Amino acid sequence: MGSDWRYAAPLWLPGGDAQTIISALWGRHLARSRVLWRRERWATTDADFIDADWLGGTPSASVGPTFAGGQTTLVLFHGLEGSSSSHYAQTFALEAQQRHWGFVLPHFRGCSGPINLAPRAYHSGDYEEIGWMLQRVRAQVGPACTLYAVGVSLGGNALLRWAQEAGSAARRTVSAVAAVSAPLDLRAAGDAIDSGRNRWLYAQLFLRTMKHKARSKAQQFPGLFDLPRALAAQTLREFDNAFTAPLHGFAGVEDYWRRASAKPKLAAIELPALILNARNDPLVPASCLPQPDEVGAAVTLWQPGTGGHVGFPGQISWRSGRTELQLQGLPQAVCNWLMVQGA
């Protein structure tokens, strides 16, 4: 099973909300100027596109990536409404850069800026899309490259669903995977984000951009879903029931959350997989986290008591004449674990 990451939040930063929010706000401001991306557009089999941002260089849709060393590449799958601008994307990219690894973030459809073209979006259990993206990266980096994959929040759940469905074949594509703050029980996580102050701190933030995308999708495909119901949604449950579920072939939100959740099949994972969840995550209740007897021998559980949702902040330091919050502890710990599995 592996030992836990010995993470503890700074004493001056108590509570999961504070550890979540300060990491997101500070991390986005801190790292953006240090990461240069090269954008590549991939054509999908359903006449759509996926934008992949590679670490290094200036954006270009036609020029392929240059790999630092060419021996190891990290693929990162972002969370709900995330992108290469998300704070965790920046910090993982910086970690890859420090290690001289290649790094790529393929955006889920509609998350790279322009709306995607097909009558679909993305969802928490999109394992077929994960598999297609990973195969695309594998073909591009070649068979000699060690490939790791990390999924954050929604991307973490989807990555684990892929590992479950791929079974023993997964290791032919990647050496190891890690899921950070993944909502493995989507019903429990959905109920948490829609309840109490979370509804105003987090749910409304997500719904703002999701409703904008729903409007754009309805303009492309009138009648594809019930737009007035999606726009009237005040919770993620209501939005998923009106938009996400019908767009992706689910009978409704309960069917979607049940079939897309990674938790029931964690014992089916056959390649090394790290699952990291803080027990004070405001969006993923500790009561729904998997226990050791619910996972297989290939799965390592790290469940520190603090850290928030994709937070895990460190101490404040002084660098180059400015105050900084240390946020590299998370990607360092995850990448160290991945390296051990790939050795």
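What to note about this one:
- Theoretical gain in end-to-end length, Ala286 to Ile316 [0.36 nm per residue, Cα-Cα removed]: 8.1 nm
- For Thr72, nonlocal amide neighbours, meaning residues 5 or more places apart or on other chains whose placed amide H falls under 5 Å from its own, are Gly102, Thr146.
- Protein accessible area in segment 141-229, 1.4 Å probe - carbon and sulfur %: 53 percent
- Once the 1.4 Å probe is applied to the protein heavy atoms, the chain comes out at 40 Å² accessible per residue.
- Full-extension gain in nm, Thr44 to Phe221, via 0.36 nm per residue minus C-alpha separation: 61.9 nm
- For the pair Arg34 and Leu205, a Förster radius of 35 Å applied to the C-beta separation gives a FRET efficiency near 0.90, rounded to the nearest 0.05.
- Counted charge near Ala333, where neighbours are those whose Cβ lies closer than 14 Å (Asp, Glu -1; Lys, Arg +1): 0
- Of the trypsin sites (Lys or Arg not before Pro) found in segment 142-225, those that fall in a DSSP loop while having at most 11 other beta-carbon atoms within 10 Å are Arg197.
- Projected label distance in nm at Arg279 and Arg259, using a 7 Å step from Cα toward the beta-carbon: 3.5 nm
- Counting Lys and Arg as +1 and Asp and Glu as -1 over every other residue whose Cβ lies under 11 Å from the Cβ of Arg109, the net charge comes to -2.
The values are calculated or read from the model by the stated rules, or taken from the named source; none is laboratory data. Predicted model, so just to flag it, every value in this text is computed and none were measured. So basically every Cβ, Gly included, is an ideal-geometry build from the backbone, and we count neighbours across all protein chains shown. With ligands, DNA and RNA removed, areas are computed over all heavy atoms of the protein, side chains included. Shrake-Rupley method; radii C 1.70, N 1.55, O 1.52, S 1.80 Å.
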